[in-house]
1. So what's the convex hull volume per residue for the Cα atoms of the stretch 130-271, in Å³?
2. On a 28 Å Cα-Cα criterion, which of the cross-link pairs Lys80/Lys151; Lys283/Lys328; Lys154/Lys312; Lys93/Lys266; Lys80/Lys157; Lys80/Lys233 come out too long?
3. Among Cys265, Tyr294, Phe241, which residue has its Cα positioned farthest towards the positive end of the charge dipole of the stretch 221-363, with +1 placed on the Cβ of Lys and Arg, -1 on the Cβ of Asp and Glu, and the dipole taken about the Cα centre?
4. Please grab the % of Cα pairs in the stretch 187-269 that end up more than 22 Å from each other.
5. Could you pull out every residue, at least 5 positions away or on a different chain, whose amide H is within less than 5 Å of the one on Thr228? Hs are placed 1.01 Å off N in the peptide plane, and Pro or chain starts have none.
6. Would you work out the charge dipole size for the stretch 206-363 about its Cα centre, treating the Cβ of every Lys and Arg as +1 and the Cβ of every Asp and Glu as -1, and quote it to the nearest 20 debye?
7. Measure off, as a whole percent, the carbon and sulfur share of the 1.4 Å-probe accessible area of the stretch 94-208, all protein chains present.
8. Taking the Cα centroid of the stretch 97-117 and of the stretch 130-204, what is the distance between the two, rounded to the nearest whole Å?
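The values are calculated or read from the model by the stated rules, or taken from the named source; none is laboratory data. On a predicted model such as this, the values are computed, not experimentally measured, just so you know. Backbone-built Cβ (ideal geometry, glycine too); neighbour counts: all protein chains shown. SASA here: full protein model, heavy atoms, side chains in, ligands and nucleic acids out. Shrake-Rupley method; radii C 1.70, N 1.55, O 1.52, S 1.80 Å.
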Amino acid sequence: PPTPLHSSPLSQTASRRCKVRLCSMHTTVLAVLALALSTEAFSPVRLGARWASPRALQSSSTDEAFGASHTSFYTSETKKESYDSLEDVLAAKCEDKDVSTVLTELLDACAEITEALRSALVTVEGSSNTFGDVQLTVDVIADELMWQTCKKSKVIKVGASEEEPELREVNEDGRYTVCWDPLDGSSIIDNNWAVGTMVGVWDESTGFIGATGRDQVTSVVALYGPRTTVLIKLDDGVYEFTYGAEGQEADWICSRERIQISPDCKIFSPANMRAAQDVEGYKKLLDHYMENRYTLRYSGGLVPDVYQQFTKQQGVFANPTSPASPAKLRLAFEAAPFGLLVEAAGGSTSDGVTGGSVLRLRP
């Protein structure tokens with residue numbers, strides 16, 4: 001029978017303070033996936049039965065056109081004569097006007113972070129956050145821009161940042177609790193690689209403490225690379241918006257709509273591969289991917305490595321841990337916001353322990 005990847009229980013925190021409950025909950029294995037993977041799914045036996053012969057995801061004519069092998073997975077997007085603006089899409093696809101307001105405010109913050117990253121030097125700030133991560137100047141700048149957005153908002157009531165994970169009221173008349181990772185990818189940004197911002201939004205009807213990821217009213221993930229693009233969840237699915245596109249009047253234009261993640265997969269993004277030396281199930285999974293000639297696409301940044309599931313419309317990301325090679329994803333600031341988008345696009349998530357969705361976990 002298939003062997004579970006890891007059977008340790010979720011680690012628990014002894015403190016009841018809000019700042020600990022917000023994101024100190026580290027699962028021993030927490031994976032955000034585009035394909036359903038239970039704890040038993042980390043077995044080549046089951047994977048082979050399901051994906052031994054996935055259908056081709058690109059035609060040979062496409063390969064010939066690009067002069068590359070079928071493993072490259074070039075974009076199939078074609079240029080449109082016109083693109084809908086963020087304002088127009090929100091008017092049509094977001095019934096709750098307060099949700100439209102908070103999304104507009106958050107995308108404005110992402111635009112400001114984009115501009116800041118273009119000129120800010122990547123240097124050590126001389127401080128660390130609550131988790132002991134060294135803060136860079138760009139981390140502090142991005143976090144401050146997010147706080148400024150919250151303080152100016154009329155609909156955001158409470159904010160919390162991964163840099164300082166304490167619930168902080170910013171507007172007593174507001175409605176939403178907003179939790180964010182202001183700039184994920186500190187270890188790779190000095191290479192000028194893609195990094196990102198992740199934001200989860202909870203309504204006052206559920207509150208935040210005791211709520212689950214599924215209680216989010218929306219979430220936002222921004223990717224800062226050669227371009228700035230943002231994924232958001234709207235009433236009927238996941239949409240992508242691009243910032244500052246040439247020749248477009250609107251600051252944000254809709255570049256992809258109602259994104260769907262394919263059930264077929266030939267791209268894998270394995271984080272913390274060192275753990276494969278300790279976790280036999282993970283080693284077998286990696287061997288399966290290599291033996292079946294899956295395409296490796298991994299940068300070391302959570303945002304670009306999961307984001308590609310939406311642009312390529314396929315893929316799997318996993319981040320297991322082991323005592324010798326610890327790893328973590330923070331539920332409130334990373335796993336829940338991304339998990340909402342993955343599942344809204346037809347993909348699945350797994351906590352890596354029970355096989356259940358990350359969206360059922362409570363921060």
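1. 167 Å³
2. Lys80/Lys151; Lys154/Lys312; Lys93/Lys266; Lys80/Lys157
3. The Cα lying farthest towards the positive end belongs to Tyr294.
4. That tail contains 44 percent of the Cα-Cα pairs.
5. Hits under the 5 Å cutoff: Tyr243.
6. 440 debye
7. 45 percent
8. 12 Å
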